Amino acid sequence: MNEDAVKRPIILAAAAVTILFCLAPFGYMVLTGFSRYPDFFSPDTPWIVTLSNYRTVMASESLHFTAFLRNSIIISAASAVISVFFASLAAYAITRLSLPGKLFFMFLILSLSMFPPVSLVGYLFKLMTALGWINTYPALILPYVAWTLPLSLWILVSYFSQIPRDLDRAGLVDGCSRMQILIKIIFPLAAPGIFATLLLAFIFAFNEFLFALLLTTDHAARTIPVGIALFEGLHGQIPWGEIMAAATLATMPVVVLALIFQRRIIQGLTRGAVKE
Amino acid sequence: MNDNNHFFSRETWTALGFLLPLAGFVVIFILVPVLGTLTDSFFLDVTYRPRRYLGADNFIWLASDPEFGRALRFTLLFVLVSVPLEVILGLIIALVLNERLPLRGLIRAAVLVPWAIPAVVSGRIFELIYNYSYGAANYLLTTLHLTPEPVNWLGSEIGAFLALVAADSWKTTPFAAIILLAGLSAIPDDLYRQAKVDRADFIQRFFKITLPLLKPVLIVVLLFRTIEALRVFDLIFVLTGGGPGGATTSVSLFGYSYFSAGDFGYGSAASVILFIMAFGLSLGLIKLGRVEQGLMP
């Protein structure tokens with residue numbers, strides 16, 4: 001049709017611009033990490049490809065980069081697993097047990113996630129100081145679990161409500177407890193949804209910055225975003241190559257997860273926001 | 001199975017047991033801290049000094065604190081400029097991705113990249129992009145002769161503001177696009193086919209079908225984005241540090257700077273203002289959605 005003949009090139013051009021918009025800054029980061037000089041694109045500067053930025057970031061004792069990465073992965077994975085387990089207990093109760101005020105409860109939980117993190121962090125700092133937990137894993141894991149629970153709950157409720165209730169009844173007849181039904185029947189059937197929720201909770205915890213900034217003090221518990229934000233290098237001038245190498249390494253876990261499980265993440269993200 | 005009363009109440013007890021861990025976590029690590037912040041906002045609470053009840057003094061000081069006034073104005077302006085920009089850009093990207101495209105999976109994956117990376121990393125990338133002497137932005141501008149000389153992006157108030165909006169849009173537009181795309185694909189194709197039969201052109205179809213049917217999803221996206229933009233912190237901490245001269249200090253950054261200096265009373269009072277604003281705005285947006293669509297439960 002005539003309209004399509006006009007529309008088609010515009011759509012394709014817009015798609016190309018979208019890809020460029022999304023990937024150009026990311027590609028710039030990766031390239032800078034591999035370059036000797038940060039202004040490698042300028043004709044006055046030779047473009048020298050090097051691995052020395054990565055070597056410095058990974059090997060330098062005083063930068064503690066590998067410790068930050070390890071802390072981030074442990075803290076985010078622990079938070080995601082705990083959050084998704086507790087959220088699936090609650091999602092089970094909400095979708096299949098008789099309970100008054102379910103919808104009210106769901107919205108109450110959702111509204112708690114509307115509080116800006118800065119309105120919690122001062123009190124959390126005093127709490128963690130009083131407990132002597134500043135700069136430990138629990139100081140971040142516990143708030144991250146709470147912080148990702150509303151999101152996990154909403155996504156899991158939408159997945160669980162699609163599983164037929166007859167299965168629960170069959171389980172009850174066979175003498176299973178509710179917990180056994182959840183673990184033996186619901187978990188396997190909702191595995192894709194649970195996995196998507198785990199990924200999202202992991203990414204949210206991995207990227208969190210404000211709590212990590214205030215509740216940690218050094219490499220014993222400090223996470224990657226804080227390490228990147230406070231990275232000033234060992235010498236005077238800003239070491240852009242090293243910062244971008246570190247940023248690339250910090251970004252890899254989440255970007256790889258996002259690319260491999262693209263479909264699941266998009267599905268998880270859009271559950272709850274869009275009614276089907 | 002006979003649903004007598006006894007069975008029901010046992011089931012409800014089980015349900016409450018299942019909700020308990022979630023409720024416990026949320027109460028201890030969200031609700032109690034928020035209430036604690038609210039309480040602290042009425043106290044003089046500075047490290048190594050005796051805690052003292054102040055009444056509303058912190059809020060009175062905030063009202064006459066020019067630094068806070070500026071942070072408040074900056075935050076509102078940032079929300080007003082960046083959120084509409086991101087939602088409109090996100091809608092355009094969603095409309096494009098909703099068409100038949102070659103390599104559609106690859107394009108969707110590309111859109112996820114800015115969303116997935118930490119805001120701190122995007123701050124660092126844009127810090128380099130806007131760098132006066134090495135940055136890609138000035139290189140492009142000067143080689144294409146768009147500006148006679150390099151622009152001092154982060155050194156001027158307006159430059160720093162625009163830099164923040166651009167960096168924030170890069171990071172958050174994909175989220176808007178992903179949600180809006182899901183909304184678009186839920187619109188039945190039949191409606192468009194019928195509209196084509198009726199010879200409605202692209203513009204008419206957009207305003208008569210797409211926009212009205214997408215409205216609930218648009219409001220959800222606006223709500224999420226507004227809440228997030230109000231609390232903006234990570235990007236600013238890295239990209240401008242609130243400068244130049246405090247011009248891009250958000251309310252979150254203002255509150256944080258007092259917390260990190262050990263002043264919990266005043267920092268809490270600023271945070272309370274922010275959560276009242278977040279609450280008011282979300283209530284307003286939800287009401288907008290309900291009144292006009294009868295959609296929100």
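Bear in mind that the values in this text are calculations on the coordinates, not laboratory data. Owing to the predicted nature of the structure, the values given are computational and were not obtained by experimental measurement. Positions of Cβ are backbone-derived with ideal geometry, glycine not excepted, and every protein chain shown enters the neighbour counts.
Descriptive notes on the structure:
- Relative to its residue count, the stretch A:46-103 spans a Cα convex hull of 154 Å³ per residue.
- Ranking of B:SER122, B:SER257, A:SER161 by count of other Cβ atoms within 10 Å, fewest first: A:SER161, B:SER257, B:SER122
- The protein assembly as shown: Cα Rg divided by the 2.2 N^0.38 Å rule of thumb: 1.01
- Each residue of the stretch A:68-77 was assigned a 3J(HN,Hα) from its phi angle through the Karplus curve 6.51 cos²θ - 1.76 cosθ + 1.60 (θ = phi - 60°); the sequence is 4, 5, 4, 4, 4, 5, 5, 5, 5, 5 Hz, with glycine and proline shown as x.
- Under Karplus coefficients 6.51, -1.76 and 1.60, residue-wise ³J(HN,Hα) of the stretch A:250-256 in Hz, glycine/proline x: 5, 7, 3, x, 6, 5, 4
- For chain B, the spread of Cα positions along the three principal axes, ordered from largest to smallest, is 82, 75, 32 Å.
- Peptide B:97-105 is shielded by partner chain Cβ atoms: per residue, an average of 3 of them sit within 10 Å of its Cβ.
- Set of lysines with alpha-carbon distance to A:LYS102 below 29 Å, sequence-local pairs under 8 removed: A:LYS184, A:LYS275, B:LYS215, B:LYS287
- For chain B, a simple Cβ point-charge model (Lys and Arg +1, Asp and Glu -1, everything else neutral) yields a dipole of about 580 debye relative to the Cα centre.
- Remark: the stretch A:100-110, residue by residue, has Karplus-estimated 3J(HN,Hα) of x, x, 4, 4, 4, 4, 4, 6, 4, 4, 4 Hz, where x stands for each Gly or Pro and the curve is 6.51 cos²θ - 1.76 cosθ + 1.60 at θ = phi - 60°.
- Considering only alpha-carbon pairs that sit under 8 angstrom and 6 or more positions apart, the relative contact order computed for the stretch B:77-251 is 34 percent.
- The stretch A:136-276, Cα convex hull volume normalised per residue, Å³: 133 Å³
- A straight chain from B:ASP201 to B:ARG73 at 0.36 nm per residue would run longer than the Cα-Cα distance by 41.9 nm.
- Highest average first, the peptides B:245-255, B:222-232 ordered by how many other beta carbon atoms sit within 10 Å of their residues are B:245-255, B:222-232.
- Percentage relative contact order, chain A, counting C-alpha pairs under 8 Å, at least six apart: 31 percent
- Annotation: the residues A:TRP147, A:TRP47, sorted from fewest to most other C-beta atoms within 10 Å of their own C-beta, follow the order A:TRP47, A:TRP147.
- Annotation: amide H-H contacts under 5 Å for A:SER35 (H modelled 1.01 Å from N, sequence separation of 5 or more, or interchain): A:THR50.
- Peptide packing: for A:98-106, A:65-73, the average count of neighbouring Cβ atoms within 10 Å per residue gives the ranking A:65-73, A:98-106, highest mean first.
- The fewest-to-most ranking of B:ASP40, B:ASP190 by surrounding Cβ atoms within 10 Å reads B:ASP190, B:ASP40.
- Inter-chain shielding of B:10-17 (mean C-beta neighbours from other protein chains, 10 Å cut-off): 5
- Working note: 222 nm ellipticity from helices only, DSSP H runs with n ≥ 4, each -39,500 (n - 2.57), summed and divided by the residues of chain B, gives -23000 deg cm²/dmol to the nearest 500.
- Computed over chain A, the per-residue total of -39500 (n - 2.57) for DSSP H runs of n ≥ 4 gives a 222 nm mean residue ellipticity of -22500 deg cm²/dmol, rounded to 500.
- Solution diffusion estimate, µm²/s, Stokes-Einstein, chain A, Kirkwood Rh from C-alpha pairs, 20 °C, viscosity 1.002 mPa s: 99 µm²/s
- Listed peptides A:244-251, B:192-199 by packing density, highest first (mean Cβ within 10 Å): A:244-251, B:192-199
- If the convex hull is drawn through the Cα atoms of the stretch B:1-133, its volume per residue in Å³: 322 Å³
- Long-range HN-HN contacts of B:PHE43 with modeled amide H, under 5 Å: B:LEU54
- Inter-chain Cβ neighbour average for residues B:268-280, partner chain, 10 Å: 3
- If you sort the three axes of the alpha carbon gyration tensor as a ≥ b ≥ c, you get a/c of 1.5 or more for the stretch B:77-251 and a/b above b/c, which makes it prolate.
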